[in-house]
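Asker: Before anything else, here's the structure in question.
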Amino acid sequence: MLFQCLCQVYKCLLLRNLELSSINVVTFTRRIHSSVKQLSECELKEETLQKHETEELPQSAENKNFERLHIPVMLEEVVNFLSPQSGQCFLDMTFGAGGHTTALLQKAGDITVYALDRDPTAYKIAQQLSESYPYPDMPTAADVVNALDQQALASILRTYGEERHAKKIASAIVQARSIYPITRTQQLASIVAGAFPASALYARKDLLQRPTHVATKTFQGLRIFVNDELHELFMGLKTAEKFLKPGGRLVALSFHSLEDRIIKRFLYGIDMTEKYNLGSRQKIRQGLKNCSKEDDTEFPCGKSNSKWIFIQKKVLTPQAKDIQTNPRGRSAKLRAAIKL
């Protein structure tokens, strides 16, 4: 039973990739709480959970006694040895009354603390502590379009939205926001449309040759940038590589070229910073450069440093009958590989 509970908590950590630098105790403790409520295997009573959610910590004599008796051991030594610095992550595996976690949070700003404890009283204490260290607000698409300069906006639209007219759209956004703030999606769509002639509004076609709005790529670029989707995808692939045993299988579905490019490069063992679609001369130069590296004994010229073998060499796309049944999956690409 305990193992099942810990597995569920571990799943939360894994899905967040253990790389986040801005999540504090409140988010993590609430994730544990919501996960525990869904675990029938842990045999936790719903009425007990509801009581813990509604009860105020200061009114509980149990909590006061718990905090008084639970004195953190060798607090100064622990904090000194951990030496918390801004931006670092910590895992308190026995939160208790939160003595060590509190000291870490007071020692350095902008740090992440993951707190684990099975005791419901410890959870309530962590919940109260989290109110003193609130989760920072993350930037939204509205923040991006209203705050970034024209060059930065154009770069986002070009890189993440693969928008050829990024400069024109960014200029229209900056001009519009000087008159009124952009707060609604319809506003942004109208601003982007206004940067093109009326005949171009639905001139673009999707894979089914259906008209698509000219602002579609702009919204894609903003969404990917705000959600940090490409980095999350890469970290997910790295996590899979770390925890899969040899012979384990990885199946990755992507829905646009940027995602598929990351998956392809990862499985082939190609550096993410390396340029793509190289010409023949560039490929020759790159090959000679790779051969001259000091680590060529580990990865000889012409051989891949990939840790995967492809199940299917070519990328798979939905069949026509699948697209007819589910048109939204028309852009899907599937790659599958086995870990060596």
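Where a number appears in this text, it was derived from the coordinates with a stated rule and is not lab data. All figures in this text were calculated on a predicted structure; none of them were measured in a lab. Heads up, the Cβs are rebuilt from the backbone with ideal geometry, glycines too, and the neighbour counts pull from every protein chain shown.
Asker: Under 10 Å from the Cβ of LEU258, count the other residues' Cβ atoms, weight Lys and Arg +1, Asp and Glu -1, and hand me the total. Don't skip to the answer; put the middle values down first.
Answerer: Working: positive: ARG261; negative: GLU162, GLU229, GLU259, ASP260.
So the surrounding residues net to -3.
Asker: Going down the list LYS217/LYS313; LYS307/LYS333; LYS107/LYS245; LYS217/LYS314, which pairs span over 32 Å between their C-alpha atoms?
Answerer: Details: LYS217/LYS313 29 Å; LYS307/LYS333 21 Å; LYS107/LYS245 39 Å; LYS217/LYS314 26 Å.
Going by Cα-Cα distance, LYS107/LYS245 fall outside the 32 Å limit.
Asker: Still on this structure, please answer the following. How large are Rg and Dmax for the stretch 128-235 when only the alpha carbon atoms are used, in Å?
Answerer: 15.9, 58
Asker: Net charge near GLU229, counting Lys/Arg +1 and Asp/Glu -1 over other residues with Cβ under 9 Å of its Cβ? Don't skip to the end; give the middle numbers.
Answerer: On the way: positive: ARG223; negative: ASP228, GLU232, GLU259.
Here the charged neighbours net out to -2.
Asker: On to the next question. For TRP308, which sequence-distant residues (separation of 5 or more, or a different chain) have an amide H within less than 5 Å of its own amide H, given hydrogens modelled in the peptide plane?
Answerer: Result for TRP308 returns LEU340.
Asker: Ratio to report: Rg/Rh of the stretch 230-278, with Cα atoms as the point set and Rh obtained by the Kirkwood method; give two decimals. Working shown, then result.
Answerer: Details: Rg = 11.2 Å, Rh = 11.6 Å.
Ratio of gyration radius to Kirkwood radius: 0.97.
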